[in-house]
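Asker: Before I ask anything, let me first share the structure, which is written out below as structure tokens.
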Amino acid sequence: MAQQREQAADDALLTRIGQIVMLHHAGDREEARDRLLGLWAEVGEDGDPLHRCTLAHYLADTHADPSDELAWDLRALSAADSCADEPSPALRALYPSLHLNLAQDYVKLARPGAARSHLVRARTAAAALGGDRDGDGGRGYAAGVRAALVRVERQVAGLSGAGSAGYDEEDGEDGDGGGGGGRAGGEPLGPPRSGS
């Protein structure tokens with residue numbers, strides 16, 4: 001009975017996050033950010049890692065400044081890595097998207113070395129997704145991750161191919177500690193960002 005109440009509370013929070021994301025997708029970035037920040041404060045630093053990871057992921061999307069976006073994406077990865085026990089399948093499944101988002105952040109910040117590092121981690125985590133288990137003809141989460149890997153690899157290659165003027169190929173790590181795992185199913189974050 002207590003477990004059912006906890007599951008209902010988890011589902012309610014994820015529903016609230018989803019409603020705010022729809023607000024953001026409708027074009028109200030500031031209001032979505034304010035509401036997500038309110039939920040972030042509500043969940044707190046000791047909140048469920050899946051909730052903190054999901055919130056930080058979507059908070060990253062509400063920021064136009066690449067440095068702010070990076071900070072929130074690093075918080076999302078940190079939340080995913082914070083599980084004392086083995087992360088839940090839902091949380092492990094987020095790793096490909098988390099690393100892809102970080103790779104995109106580093107592309108925006110002209111840091112190809114860090115972008116490549118997260119691409120490698122995304123590819124490793126995506127291998128755990130297996131084939132198209134969604135049964136939707138390749139339109140599910142795994143297919144979205146595969147398409148995003150190709151897209152971000154091209155972005156990194158373009159950044160690296162821009163010449164070495166101003167770009168340090170070995171710009172180092174971001175100190176996020178890595179992570180791994182895969183995502184089977186696609187809830188609640190969906191495929192990695194498609195924008196650049």
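The values are calculated or read from the model by the stated rules, or taken from the named source; none is laboratory data. Remember, it's a predicted structure, so these values are computed and weren't measured experimentally. Ideal geometry is used to build each Cβ from the backbone, glycine not excepted, and the neighbour counts take in all protein chains shown. Calculation scope for accessible area: heavy atoms of the full protein, side chains included, ligands and nucleic acids excluded. Shrake-Rupley method; radii C 1.70, N 1.55, O 1.52, S 1.80 Å.
Asker: Quick one: ALA84 ticks every box in (1) in contact with a helix residue (DSSP H, G or I) (Cβ under 6 Å, 6 or more places away or on another chain); (2) of a type in the set (A, V, I, L, M); (3) not in a helix (DSSP H, G or I) bar one, so which box is it?
Answerer: (1)
Asker: While we're here: Scan region 120-150 for residues that are open to solvent by 70 Å² or more (accessible area, probe 1.4 Å), modelled with pLDDT of 80 or more and not small (Gly, Ala, Ser) and report the count.
Answerer: 4
Asker: Going by the conditions given, is ALA41 modelled with pLDDT of 95 or more and more than 30 Å from VAL150 (Cα to Cα)?
Answerer: So ALA41 passes the test.
Asker: Also: Here is a check on your reading of the model: is GLY181 open to solvent by less than 70 Å² (accessible area, probe 1.4 Å), farther than 23 Å from ASP68 by Cβ, at pLDDT 85 or above and of a type outside the set (A, V, I, L, M)? Let's see the steps before the verdict.
Answerer: Values: open to solvent by less than 70 Å² (accessible area, probe 1.4 Å): yes; farther than 23 Å from ASP68 by Cβ: yes; at pLDDT 85 or above: no; of a type outside the set (A, V, I, L, M): yes.
Taking the combined requirement at face value, the residue does not satisfy it.
Asker: I need every pair where a residue in region 32-51 that is touching a residue at least 24 places away in the same chain (Cβ under 8 Å) and open to solvent by less than 80 Å² (accessible area, probe 1.4 Å) has its Cβ under 8 Å from the Cβ of a residue that is of a type in the set (D, E, K, R) and in a helix (DSSP H, G or I), sequence separation at least 6 or different chains.
Answerer: LEU39/ARG16; VAL43/ARG52; ASP48/ASP10; LEU50/ASP10; HIS51/ASP10
Asker: Then there is this: Mind checking which residues of region 19-31 are in a helix (DSSP H, G or I) and open to solvent by less than 70 Å² (accessible area, probe 1.4 Å)?
Answerer: Start the filter on region 19-31 by keeping residues that are in a helix (DSSP H, G or I), which leaves 19-25, 29-31.
The answer is ILE20, VAL21, LEU23, HIS24, GLU31.
Asker: Right, another one. Residue by residue through region 56-89, note down the ones that are of a type in the set (A, V, I, L, M), open to solvent by 30 Å² or more (accessible area, probe 1.4 Å) and touching an Asp or Glu at 6+ places or on another chain (Cβ under 7 Å).
Answerer: LEU74
Asker: May I pose another question? Any residue at all in region 92-104 that is surrounded by fewer than 24 Cβ atoms within 10 Å (Cβ to Cβ) and part of a helix (DSSP H, G or I)?
Answerer: Looking for residues that are surrounded by fewer than 24 Cβ atoms within 10 Å (Cβ to Cβ) and part of a helix (DSSP H, G or I), one finds at least one in region 92-104, hence yes.
Asker: Mind listing whichever residues of region 93-129 are of a type in the set (Gly, Ala, Ser) and touching a Pro at 6+ places or on another chain (Cβ under 6 Å)? Outline the logic, then answer.
Answerer: Pass one, region 93-129, residues of a type in the set (Gly, Ala, Ser): 93, 97, 103, 110, 113-115, 117, 122, 125-128.
Within region 93-129, SER97, ALA122, ALA125, ALA126 qualify.
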